[in-house]
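Here the structure comes first, spelled out in structure tokens, and everything after it is commentary.
Bear in mind that the values in this text are calculations on the coordinates, not laboratory data. Just so we're clear, the structure is a prediction, and the values are computed from it rather than from any experiment. Note: ideal-geometry Cβ built from the backbone for every residue, glycine included; neighbour counts use all protein chains shown.
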Amino acid sequence: PRLSKLQEKSIVITAGPTREKIDDVRFISNYSSGKMGFALATSAAKRGAKVTLVTGPVHLPTPEGVDRLDIESTEEMDLAVKEHYQSCDIFIGAAAVADYRPANYVTGKLKKNSKTMEINLVRNPDILAGFSKQKKKHQIAIGFSLETAGNLDNAKEKLEQKQLDLVAYNTFDGKTSGFEVDTNILTLIDKHMNVYELPLLGKHEAAERMLDIVEELIN
Ligand code: C5P
């Protein structure tokens, strides 16, 4: 069989949600299941890549041959990814990173003393953009662009803003595409503005098709 271009490549993949702690018993998070990131890790490992999967809390088994790092917060995910800035050939940001975290973390349990309460939030680092900013010529940055309502232009903007080599655009409809479900409808756009429209696929099949396109981006 033909050798995969991903053979021996170091790939870092982020997956799942992050948790931003409010106090010791509460957090802010989202519905990401991690399925897309884990599917990508599985497929990449099968193609002979050295895969590091940095994941938030999910209920998924570790794919065979994959080096898994479990983290909780965005800042922890950012630190774990930074460890691989130099050594990785490809970075895929498939995590649903929380954009904000509580400005103040309360030890113990926050008391309910008043009718309303406010939690101040501060922006989290953008892990993917951080990688892109410092990436060397040979390194490839890939991101997702999940939109509840939007069009391809949002994804193209993201491609440019975050200096990506490839962006996977998917609409969130809560049924066939997005979080928690097993299927996805992806449209991929590469840095040359080539557009690949994938049909409704299982996340494993979508991952395979996505990596075929990644292989075309190599060299
Ligand atoms: O800007 P937006 O959150 O829509 O971008 C989504 C892409 O950026 C995803 O690939 C996601 O993993 C990545 N991202 C990140 N760090 C953030 C926010 C998003 O790596 N703080």
In nm, what is the difference between 0.36 nm times the number of residues separating GLU197 and ASP99 and their Cα-Cα distance? 32.5 nm
Within-15-Å neighbourhood charge of THR62 [Cβ basis; K, R +1; D, E -1]: +1
Taking the Cβ of each residue in THR42, THR183 as the centre, tally the other Cβ atoms inside 10 Å and list the residues starting with the fewest. THR183, THR42
I need to check one value: relative contact order of region 1-83, counting alpha carbon pairs closer than 8 Å and at least 6 residues apart, in percent. 33
For region 1-80, with +1 on Lys and Arg beta carbons and -1 on Asp and Glu, the positive-most of GLY65, PRO17, SER33 along the dipole: GLY65
Using a Gaussian network for the chain with springs between C-alpha atoms less than 10 Å apart, which of these wobbles most: LEU53, LEU69, LEU166? LEU69
Return ILE185, ILE92, ILE11 ranked ascending by Cβ neighbour count within 10 Å, so the fewest neighbours appear first. ILE185, ILE11, ILE92
Shape call for the chain from the C-alpha gyration tensor, a ≥ b ≥ c root eigenvalues: rounded (a/c under 1.5), prolate (a/b greater than b/c) or oblate? prolate
With the 8 Å Cα cutoff and a minimum separation of six or more residues, the chain has a relative contact order in percent of 20
Nearest 5 percent is fine: what portion of the DSSP beta bridges confined to the chain is antiparallel? 40
At R0 = 22 Å, FRET efficiency that the Cβ-Cβ distance of GLU8 and ASP212 yields, to 0.05: 0.80
How much net charge surrounds VAL106 when only the other residues with a Cβ under 12 Å from the Cβ of VAL106 are counted, with Lys and Arg +1 and Asp and Glu -1? +2
Potential lengthening between LYS82 and LYS112 on full extension [0.36 nm per residue; Cα-Cα distance subtracted]: 7.0 nm
Quote the relative contact order of region 165-219 in percent (integer), defining contacts as alpha-carbon pairs under 8 Å separated by 6+ residues. 28
Going by C-beta contacts inside 10 Å, put ASP89, ASP70 in order with the fewest on the left. ASP70, ASP89
In whole percents, the bins of 5 Å from zero upward hold the Cα-Cα pairs of region 45-140 as 2, 10, 19, 19, 17, 12, 8, 6, 4, 2, 1, 0
Which residues in region 39-56 place their backbone N less than 20 Å from a point set 7 Å from the Cα of ASP70 along the Cα-to-Cβ direction? 39-42, 51-56
Go through 134-140, 74-80, 200-206 and give me the packing order, highest mean Cβ count within 10 Å leading. 74-80, 200-206, 134-140
Pairs over 27 Å Cα to Cα, from LYS135/LYS158; LYS109/LYS158; LYS133/LYS175, come to LYS109/LYS158; LYS133/LYS175
Sum of -39500 (n - 2.57) over DSSP H runs of 4+, divided by residues of the chain (222 nm, nearest 500): -7500 deg cm²/dmol
Which one, SER114, SER87, SER177, has the greatest fluctuation when you compute a Gaussian network model over the chain with C-alpha springs under 10 angstrom? SER114
